[in-house]
Amino acid sequence: MSAATPASQPDMSVMVGSLAFANPIMTASGTSGHGSELAPYGDLARLGAVVVKSLAPYEWAGNPAPRVHPTPQGMINAVGLQGAGVQRWIHEELPALAATGARVVLSIWGRSVADYAAAAEQVAAIGSAVAAVEVNLSCPNLEGRRGIFAHDPALSAEVMAATAVCGRPRWGKLSPNTDRLVEVAAAVHEAGAEAVTLINTLLGMVIDPVTRRPALGNGGGGLSGRAIHPIAVRAVYDVHAALPTLPIIGVGGVASGWDAAELMLAGASAVQVGTATFADPRAPWNVLEQLQLWAAGEGITTLRQLTGATG
């Protein structure tokens, strides 16, 4: 396919709920650092948004090493959401990131509903430097109720309602490790989420052949990368089919322009690039350029017409 002429370039702008973005390509939380770490590899302002690694309302050390292990077509990690906390991030990381001109989305997490509320309250004082808040619901719940927040529609809705104090559009990042995904998506939307991010990692484990013990210090971890892409496509498709007015940010195994287009055709309004960035820090820009070239070659005039257009 020959390169498109400037006159044939598609309109790459998209809407995610109430927010407009110059294009649909974003970084995925946990894969591009807490600030401007990717700036040496590309212009962060060219991306639709930079979604920073999830932060709690307090400093968190994360899990014991080793934390990351390669797998066929991906990786497994148990980093454990290490971070300095929202307040330190505001003072130490946000200024440099904002100076790049990037559109910033802050991901928050907690181990209780009160933690999420506290993180959201800290975000409220930031100002216009943060466009949206992605609420990472794929965390263990330690409030006397077992399991993961995103596996329980009522708990997920409770967290989403508690984060309204942030004063910004909120996206609920959901787990694929449940058969209640559509139900959870509906619950968080009703509780105030403008959009949902699909999907987070899949639960997995790798055994070291030498030690015959789990390869990660925490035992199990989250599987990501190319291997989970079809699962992400199915999750986006199912949620869009059931809740067609709910905006979706698709994520999972995106490493090419077609991967991004596939998620949009399944129902996503925007797409995040994650694990591919570990192999090539320029991956988000490569995906953006490939998507633009593919759309131009297909005669697509605006990327927004792709959303949910499969079938």
*Mind listing just one residue for me: the one in the stretch 77-96 that is of a type in the set (A, V, I, L, M, F, W, C) and under 28 Å from Arg226 (Cβ atoms) and, of those, surrounded by the most Cβ atoms within 10 Å (Cβ to Cβ)?*
Ala78
*Return yes or no: is Ser32 among the hydroxyl-bearing types (Ser, Thr, Tyr), touching a strand residue (DSSP E or B) at 6+ places or on another chain (Cβ under 9 Å), modelled with pLDDT under 95 and closer than 25 Å to Pro247 by Cα?*
yes
*Answer yes or no: is there a residue in the stretch 129-149 that is buried (at least 23 other Cβ atoms within 10 Å of the Cβ), farther than 18 Å from Thr31 by Cα and at pLDDT below 95.*
yes
*Kindly indicate whether Ala296 is modelled with pLDDT of 95 or more, under 22 Å from Val184 (Cα atoms), surrounded by fewer than 24 Cβ atoms within 10 Å (Cβ to Cβ) and over 18 Å from the mean Cα position of the chain (by Cα).*
no
*Of everything in the stretch 218-252 that's in contact (Cβ under 8 Å) with a residue 40 or more places away in the chain and part of a loop (DSSP other than H, G, I, E, B), which residue is surrounded by the fewest Cβ atoms within 10 Å (Cβ to Cβ)?*
Pro244
*Quick one: Leu106 ticks every box in (1) farther than 16 Å from Leu19 by Cα; (2) at pLDDT 95 or above; (3) of a type in the set (A, V, I, L, M, F, W, C) except a single one, so which number is it?*
(1)
*asked:* List the strands (runs of 3 or more DSSP E) inside the stretch 1-76, counting only whole elements, that have at least 1 residues being crowded, with 17+ Cβ neighbours inside 10 Å and under 16 Å from the mean Cα position of the chain (by Cα).
replied: 14-16, 19-21, 25-27
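The values are calculated or read from the model by the stated rules, or taken from the named source; none is laboratory data. Treat the numbers as computed from the prediction; the structure is a model and nothing was measured. Because the Cβ atoms are built from the backbone with ideal geometry, glycine has one as well, and the counts that use them run over all protein chains shown.
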